[in-house]
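Notes follow once the structure below has been shown.
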Amino acid sequence: MNSNGDSGHGRTGGRLRNAVRVGAQALFLTVVSLAGSVLLFVLSVVSLVLVPLGIGIVTTPWVLAAVRGFADRRRLWAAQWGGVRIPSSYRPVPEGANPWKRCLHLLGDPAVRRDLLWLPVDMTAGFFIALLSAALLVYPLEGLALAAGLWRAFTDGTSIGWWYGFVPIEGQLSALGAGALGTVLLIGGVYASPVLLRAHFLLVRSVLSSGQGELAERVRVLTATRRDAVDTSAAELRRIERDLHDGAQARLVAMGMDLGTIEALVEKDPAKARELIAQARRSSAEALTELRDLVRGIHPPVLAERGLADAVRALALRMPLPVEFDVTLTGRLGAPLESAAYFAVSEVLTNAVKHSGAGRVWIDLHHTAEPGGVLRIAVIDDGCGGAVVGAGTGLSGVARRLGTFDGVLAVDSPVGGPTMVTMEIPCELF
Amino acid sequence: MRVVLAEDLFLLRDGLVRMLEAFGFEIAAAVETGPELTRALAEEAPDVAVVDVRLPPSHTDEGLQCALEARRARPGLPVLVLSQHVEQLYARELLADGVGGIGYLLKDRVFDAEQFIDAVRRVAAGGTVMDPQVIQQLLSRRQADDRPLGRLTPRELEVLELMAQGRSNAAIAGQLVVTERAIAKHTSNIFAKLTLDVSDDDNRRVLAVLAYLDHGR
């Protein structure tokens, strides 16, 4: 009986906590959808108008990148807060394209065009739904506050000083009426708000994801990411070939030569032979070091031996600054994905160390078993911020790598910091 | 002294057997897989085990796991772990029991036979031997923001590095070509600056230094 009561109490408490969370998220989305979308929409329109003048050619890719960042952020929140997955299907921008080509390429991308179409929808309908969801939880609080005594601020009890909904406030009694209405609204809000929040994300999805042409779009994205993957792996192989050729291979040749000379010298000039033996040993040690570094770049040994979680731990321990990590993985991931995730984390960490001047880094790595399963990695640093996913930067390489696995990368890095890089890759644990 | 050796590559295993025998060790068993290693460690009760991290059949860190397991069954069982790469993560796990009789070296260190054999002997005697690369990683990481470490003189840092590798005062003095008294003075300075407890036991001293470098105080 007692335990029954407790669990009932717990359910109510959980629902209330959930309502508070939903209310905060909805309120936050209200502000973000209005301010962010209006700002980006205005910037986009201005930038596009300036294209004929030439200035727009330079500014448009930047603005569109910002719009994409904004949309990616919403995709992330939709997945985390509303459980709504919105696929991201941008065409990869070709490396080293000039601004004019990049501009045209971006404007030709249906996903980018959908982003632009989404902005006006988000600042009107999206804003309204989020506002409604927030208001259903916030407005009842006013009624309760009126009942608790706030009514005295509006009326001295002789005239109607305020309207709460359809209840005229003219004294304690009517204030209690407002309180009752507030309670009813609150109960409704606790149930309706999460639904409205989800509706907001569904609206985002209906505009951002491609709907009818989805299959065709998917094929196009797959073709593009496959080309990227093939290109990257070919470039990788070329790099490995060059490293082996100029490094270990050359050293082994030198060693063989030294050994030949030693053979000839060992009787005639033992002192010189000893010198050469020492040199050969040094060469072999250097060849080993080079091979070790090369192996680490191809497939880190810890990754092969222990899997992603421990490989990320080992990586964090090797960084020259303190890295705190919260890593939980209950199983292994597929080998190609493990490798991609590892190098993505490695690249982001290296960025943080090299460019941000951060004093501390946090890594959070989790696998959630929600439909299909998702690997979520967040890397946060307290550095100077200002990181962008532009052509040629390390982060665009990461986005490309993850793209092969339908993963998304979101970068939140205001100038002045902190920087938060979030990666999400749909996958299952073994 | 009886040695159990686990290494899956025939050439390396053969070379190690020859080298150890040349220096007067008795090879109790030379095996190539994890399960064989576990059995040999249990049956042969060796004075020291020399173990490769990666072993068949899984080709993961099976050697390391076998060694850790054997040390749980028989605390302080001297184990020298060899690997193609060194990781602080593994060093941490090997040192976790704080007992000593542990070594962790890159395979490259077998190039210098005398130093390698010295390392095997020190581990067998219950000492701790850490690869210079592990220590350098630890030091470079700590030096960035560690004030007590910043107060050490360059010479003291040098001594600290050698001490963390597991060398005794006499060995450090030999390497730096100074008297043992001078090293003793350096070490007591280091311990005072890092506010570590002074210990007469060489190995406990090493473990304290390693713990300091790994986690701080």
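Quick look at the numbers
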| item | result |
| --- | --- |
| From the options A:Leu303, A:Leu317, residue that is farther than 25 Å from A:Gly383 by Cα and either in contact with a Cys (Cβ under 9 Å, 6 or more places away or on another chain) or of a type in the set (A, V, I, L, M) (or both) | A:Leu303 |
| Any hit, region A:114-134, residues being surrounded by 18 or more Cβ atoms within 10 Å (Cβ to Cβ), among the hydroxyl-bearing types (Ser, Thr, Tyr) and more than 30 Å from A:Val20 (Cα to Cα) | no |
| Extreme residue, nearest to A:Arg73 (Cα to Cα), among residues of region A:86-96 that are out of contact with any strand residue (DSSP E or B) (no Cβ under 9 Å at 6 or more places or on another chain) and surrounded by 15 or more Cβ atoms within 10 Å (Cβ to Cβ) | A:Ile86 |
| Looking only at region A:300-317, and only at residues there that are touching an Asp or Glu at 6+ places or on another chain (Cβ under 7 Å) and without any contact (Cβ under 8 Å) to a residue 40 or more places away in the chain, the one that is farthest from the other protein chains (Cβ to nearest Cβ) | A:Leu303 |
| Positions within region B:68-110 being of a type in the set (Lys, Arg) and under 17 Å from B:Ala49 (Cα atoms), in sequence order | B:Arg71, B:Arg72, B:Arg74, B:Lys107, B:Arg109 |
| Helices (runs of 4 or more DSSP H) (entirely within region B:111-217) containing at least 3 residues that are farther than 30 Å from B:Val50 by Cα and either of a type in the set (A, V, I, L, M) or not assigned by TED's automatic domain parsing to the domain that holds B:Leu12 (or both) | B:147-150, B:154-164, B:180-193 |
| Residue match in region B:35-50 (condition: surrounded by fewer than 24 Cβ atoms within 10 Å (Cβ to Cβ) and either among the hydroxyl-bearing types (Ser, Thr, Tyr) or in contact with a helix residue (DSSP H, G or I) (Cβ under 6 Å, 6 or more places away or on another chain) (or both)) | yes |
| Output for region A:337-368, where each listed residue is in contact (Cβ under 8 Å) with a residue 40 or more places away in the chain and touching a Phe, Trp or Tyr at 6+ places or on another chain (Cβ under 8 Å) | A:Leu337, A:Ala340, A:Ile363, A:Leu365 |
| Meets criteria (part of a loop (DSSP other than H, G, I, E, B) and either more than 28 Å from A:Ala66 (Cα to Cα) or under 15 Å from the mean Cα position of the chain (by Cα) (or both)) for A:Glu424 | no |
| Members of region B:42-56 that are farther than 20 Å from B:Leu105 by Cβ and within 14 Å of chain A (Cβ to nearest Cβ) | B:Pro56 |
| Condition met for A:Ala71 (part of a helix (DSSP H, G or I), at pLDDT 85 or above, in contact with a helix residue (DSSP H, G or I) (Cβ under 9 Å, 6 or more places away or on another chain) and buried (at least 19 other Cβ atoms within 10 Å of the Cβ)) | yes |
| Complete set of residues in region A:303-332 that are among the aliphatic types (A, V, I, L, M) and under 18 Å from B:Leu138 (Cα atoms) | A:Ala311, A:Val312, A:Ala314, A:Leu315, A:Ala316, A:Leu317, A:Met319, A:Leu321, A:Val323 |
| Candidate set from region B:108-128 (those that are in contact (Cβ under 8 Å) with a residue 60 or more places away in the chain, out of contact with any Lys or Arg (no Cβ under 9 Å at 6 or more places or on another chain) and small (Gly, Ala, Ser)); member that is surrounded by the fewest Cβ atoms within 10 Å (Cβ to Cβ) | B:Ala113 |
| Any hit, region A:2-17, residues being surrounded by 14 or more Cβ atoms within 10 Å (Cβ to Cβ) and modelled with pLDDT under 90 | no |
| Residue match in region B:80-95 (condition: surrounded by 20 or more Cβ atoms within 10 Å (Cβ to Cβ), touching a Gly at 6+ places or on another chain (Cβ under 7 Å) and away from chain A (no Cβ under 14 Å)) | yes |
| A:Gly297 at positive phi and within 13 Å of another protein chain (Cβ to nearest Cβ) | no |
| Region A:320-339 - residue that is within 27 Å of A:Gly359 (Cβ to Cβ) and touching a strand residue (DSSP E or B) at 6+ places or on another chain (Cβ under 7 Å) and, of those, nearest to the other protein chains (Cβ to nearest Cβ) | A:Leu321 |
| In region A:154-183, the residues that are surrounded by fewer than 17 Cβ atoms within 10 Å (Cβ to Cβ), within 23 Å of A:Ala134 (Cβ to Cβ) and free of Cβ contacts under 8 Å to residues at least 40 places away in the same chain | A:Trp163, A:Gly165, A:Phe166, A:Ala180 |
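The values are calculated or read from the model by the stated rules, or taken from the named source; none is laboratory data. The model shown is predicted, which means the values in this text are computed figures rather than measured ones. FYI the Cβ positions are ideal-geometry reconstructions off the backbone, even for glycines, and counts take in every protein chain you see.
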